[in-house]
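Presented below is the structure to which this report refers.
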Amino acid sequence: MMAGSYVSHPKLSLFTLVIFAFLYLPLAVLLVFSFNESRLMVDWQGFTTIWYRILLQDQGLLDALANSLWVGLCTTVLSLLLGVPAGVGLARRSSHRHIAFEVLLLLPLVVPEIILAVAFAGLYGFAKLRLGFGTILVTHVAFSLSYVVFMVRSRMARLNPSLVEAAMDLGAGPCQVFFRVILPFLAPAVLASSLMVFTISLDDYVITSFVAGAGNTTLPLQIYSMAKEGLTPEINAVCTLLMGVTVAMALAAHWAQRAAVSWRKMAPVLLLIAAAAIVPLGWRRWTTAGHDQVLNLYIWSGYLAPDTLKVFEQRFQARVQCDLYDSVEAMLAKLQSGNAGYDVVVPSDYAVQILQRRGRLSPLNRSQIPNLEQNLDPQFLGRPFDPENRYSVPYTWGATGIGYRKDRVGTIPGGWEALWEERFRGKIVMLDDMRENFGAALKLSGFSINSRNRAELEAAKTLLEKQKPLLQAYNSSNFQELLVSGDAWLVQGWNGQIAKAIRDNPAIGFLLPRQGTTVFIDSFCIPANAAHKALAHQFINYMLEPETAAAVVKATGYNVANRAARPYLSKALLNNPALFPDSGSLEKCEMLQDIGEATLLVDRLWTEVRSK
Ligand code: N2P
């Protein structure tokens, strides 16, 4: 029987179609929804190009784009300078040494990204280097060099040696041979590998996130930061553009390798890439001229009002570079992996303790923050994590609780056990936060959130393992949106985001579990190695102004430790139970503390829960 009759053609085409749909459907959705009038991804409300227009005015995004292009260009040039000679040399090596080189070169391509990321971050931390453009560049060159070497080497292997011999017979020296014979022959490989390197550098997220410091946010990092506050059509639009560039580069690389391109054909393409990188950079220099000072801010996602930074920039003739995080662990990792270059950070209570203990914080100059005494509510000052407020100035406060859809869940128990109920399988979301997860499980078992006791922690772990099959996800960034859309019915969440969700959908309720929960105070701190300490003090003082603080409460749903801001808040806000939990219900609550050595145990148990 002939092979063709086993699988008929229509079936085969259908199969191909399914494969392509599988590959391209998500990208198609991204593209289509980037033109959707509605802010939400859930329904289509008509065609618009507004999100692309908004993009063009988004300063942070344009800066990130310029950074990415500039990093990509420098990475490409450096990788070529190092990789082309290496590829040429390798093509002529004798075979036994060859294998060792081959393996060494292949390794950066096959070693998991995360390992390279950790290794480089560790190296820079050890060398006490300031994380920034230089560290990104060196790392990008390190992971892209092998591509250049491999492509050049395989092209080189096809060079007819008699061409070189002929040139030498005619009197050409080694340099002339290289530039007049070898290099023109290598043109397709050089062009293809430069496009490849540029694209890989442009798209890299994982490694860059470990080695980038303040003010060097690249486009993928910026997109990730934006996505922490929810997926919006603006993000779809920027992703669509990035995808377009990547596809164009990949096609061009393919074309360069197939057609025997000459330098003359290559020149316009290379010039175009160079211009694409240099023009935005020049433009950025030009638009930032006049701002002589830069403040590098590292803050929880969802902790600022839309105008907070703009007003500061205008009033203080400064520029704010802002990066976001949504877990204490991510923030600690960044601040400890070297000199990240931030001027102001906003750690939570126990993280202030950890950073201070490790010498990572600078003592504050209180005389430069007069609003601290004038405006802050004294009950938030002098807390055990920093008894004299030498290092921290309280900003927001709140509690972790349960947000739930009243219209979906009926009556629910008033404690943590609600998040363990079988009938809510697939509709429960927990914070992606190890201390909060263990906190809930410890409280449910009647223990302290700050337990260091092995048996208690093991019991909490067992509970978390039992809960895991019921969960839809762990999510610390946009859990409130899952409630609003109805994808989740019960979430463990921080009160501010739930307060915001209640405003969007009154069918949402908030409850502080009767066993008690975590209360938090997130504070402004200045890292020990901050470069702009005076401006950092000015920024903190500005954030404590009543109008600034009140605007933050209105926009974010989080409460501030600012007494002077209260007159600026509406009655409705002051009466929102998710925003101002009454002191009775806060009685059994605890603040997370640095649990020292026990952190390692919790970390291990948490990893076990997650990987099960
Ligand atoms: C804001 C997170 C609040 C952090 N997205 C609670 N400490």
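What follows draws every value from the coordinates through simple rules; no lab data is involved. Please read all numbers here as calculations on a predicted model, not as lab measurements. When we count neighbours, we look across all protein chains shown, and the Cβ atoms used for this are built from the backbone with ideal geometry, even at glycine.
For residue 365 and residue 59 in one chain, what is 0.36 nm times their gap in residues minus the Cα-Cα distance, to one decimal in nm? In short, 107.0 nm is gained. In the chain, the DSSP beta bridges split such that about 55 percent are antiparallel, to the nearest 5. Counting neighbouring beta carbons within 10 Å and listing from fewest to most, the residues 255, 397, 494 come out as 255, 397, 494.
Computed over Cα pairs, the Kirkwood radius of region 358-406 leads via Stokes-Einstein (0.890 mPa s, 25 °C) to a diffusion coefficient of 188 µm² per second. Once both labels are positioned 7 Å from their Cα atoms along Cα-to-Cβ, the gap between residue 251 and residue 224 label points is 2.9 nm. Kindly state, to the nearest 0.05, the FRET efficiency for residue 104 paired with residue 243, given R0 = 35 Å and r defined as their beta-carbon distance. About 0.60, to the nearest 0.05. Extension gain, residue 531 to residue 172: 0.36 nm times the residue separation minus the Cα-Cα distance gives 123.8 nm. One decimal place: the segment residue 160-residue 571 gains 139.6 nm when fully extended, by the rule 0.36 nm per residue minus the C-alpha distance.
When each full DSSP H helix of the chain is screened for a Cα extent of at least 18 Å along its own axis and an average Kyte-Doolittle hydropathy of at least -1.0, the helices passing are 9-33, 59-91, 95-110, 113-126, 133-156, 183-203, 233-258, 263-288, 454-467, 598-611. If the limit is 27 Å between Cα atoms, which of 427/554; 406/612; 461/500; 443/466 go over it? Checking Cα-Cα distances, 427/554; 406/612; 461/500 exceed 27 Å. Considering only C-alpha atoms, what is the centroid distance from region 488-566 to region 181-195, in Å? After rounding, the separation between the Cα centres reads 55 Å.
When the Cα atoms of region 407-555 are enclosed in a convex hull and the volume is divided per residue, what value in Å³ results? Mind showing how you got there, number by number?
Details: hull volume 21.0 nm³, N = 149.
Convex hull volume per residue, Cα atoms: 141 Å³.
Simple spin-label estimate for residue 114 and residue 21 gives 3.3 nm between the two label positions (7 Å along the Cα-to-Cβ direction from each Cα).
If you scale each eigenvalue of the Cα gyration tensor by 5 and take the root, what three semi-axes come out for region 500-593, rounded to whole angstrom and sorted largest first? The partial results should precede the final answer.
On the way: eigenvalues 157, 71, 27 Å².
Semi-axes, largest first: 28, 19, 12 Å.
Can you tell me how region 53-288 classifies by the Cα gyration tensor, rounded, prolate or oblate, using a/c under 1.5 as the rounded cut? Because a/c hits 1.5 or more and a/b exceeds b/c, region 53-288 counts as prolate. Using a simple spin-label model with pseudo-atoms 7 Å out from Cα toward Cβ, residue 599 and residue 453 lie 2.3 nm apart. Within a straight-line Cα-Cα reach of under 14 Å, residue 334 can be paired with the following aspartates and glutamates, leaving aside sequence neighbours fewer than 8 residues apart in one chain: 323, 326, 343.
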